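> The following block contains the structure, expressed as structure tokens.
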Amino acid sequence: MRTRTNGPSVIINVASTAGLVPLEQAPVYSASKHAVVGYSRAIARKAKKDSVTVHCMCPAFTDTGLVRELKDALSKSTLQQVGIQEPSVVAKSIVRMMTIEEPLLVACTSGNPFKVLTRNKPKL
């Protein structure tokens, strides 16, 4: 990673809550999101040394084409419990992440748009 001369930078990787818990209805999707979470955690320490903060956003079901396709495969109780959030909820949480210098793993759900799961304090 290159250090930029104009101050600290932020990388926000977007995974999914399917990267935190398995989503049986979409195993390949879930595996790829687990990879994004793992990658974010793996590079956070090195990036911080280069004045780059790495965050990982894990939104729950969001009103997108993918969720609409999966809707029939998902149980109604799961959808009722978790809910389907508007994309603007995720966008606002991502904007909020941009101002935080400590690496975070954040879940975003309709009931809790900014739930910090871990604060990765890299040892410098």
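> Using a 1.4 Å probe, what is the accessible area per residue for the chain, in Å²? Spell out each step's value before the answer.
Numbers: 7560 Å² over 124 residues.
Ligands and nucleic acids excluded, the figure is 61 Å² per residue.
> Using alpha carbons only, how many degrees (0 to 90, rounded to 10) separate the axis of helix 87-97 from the longest principal axis of the chain?
Helix 87-97 sits at roughly 20 degrees to that axis.
> Could you derive backbone 3J(HN,Hα) for segment 61-72 from the dihedral phi with the Karplus parameters 6.51, -1.76 and 1.60 (θ = phi - 60°), listing whole Hz in sequence and x where the residue is Gly or Pro?
Those phi angles translate into 3, 10, 5, 10, x, 4, 5, 4, 5, 7, 3, 5 Hz.
> Positive end of the dipole of the chain, charges at C-beta (+1 Lys, Arg; -1 Asp, Glu), about the Cα centre: which of HIS55, ASN112, VAL89 has its Cα farthest in that direction?
The listed residue farthest towards the positive side: HIS55.
> Lys/Arg Cβ at +1, Asp/Glu Cβ at -1, dipole of the chain taken about the Cα centre: which of GLY7, LEU74, ILE43 is farthest positive-ward?
Farthest towards the positive end: GLY7.
> Further question on the same structure: So how much slack lies between MET98 and THR64, counting 0.36 nm per residue of separation and subtracting their Cα-Cα distance, in nm?
Working: separation 34, 0.36 × 34 = 12.24 nm, distance 2.30 nm.
So the chain would gain 9.9 nm between MET98 and THR64.
> Grab the beta carbon distance between SER51 and PHE114, set R0 = 25 Å, and tell me the FRET efficiency rounded to 0.05. Write out the running numbers ahead of the final one.
Working: r = 24 Å, r/R0 = 0.95.
Computed FRET efficiency for SER51 and PHE114 comes out at 0.55.
> Work out the length of the dipole vector of segment 1-121 about its Cα centre, built from +1 on the beta-carbon of each Lys and Arg and -1 on the beta-carbon of each Asp and Glu, and round it to the nearest 20 debye.
Numbers: 16 positive and 8 negative charges, 120 e Å.
That gives a dipole near 580 debye.
> If you don't mind, there's one more thing I want to ask. Under the rule of at least 5 residues apart or a separate chain, name every residue whose amide H is placed under 5 Å from the amide H of THR62.
The list, which skips near neighbours in sequence, is GLN85.
The values are calculated or read from the model by the stated rules, or taken from the named source; none is laboratory data. Keep in mind the model is a prediction, meaning the values are calculated, not measured. No Cβ is skipped: glycine too gets one built from the backbone with ideal geometry, and neighbour counts run over all protein chains shown. To get the accessible areas, we keep the full protein, side chains included, count just its heavy atoms, and leave off ligands, DNA and RNA. Shrake-Rupley method; radii C 1.70, N 1.55, O 1.52, S 1.80 Å.
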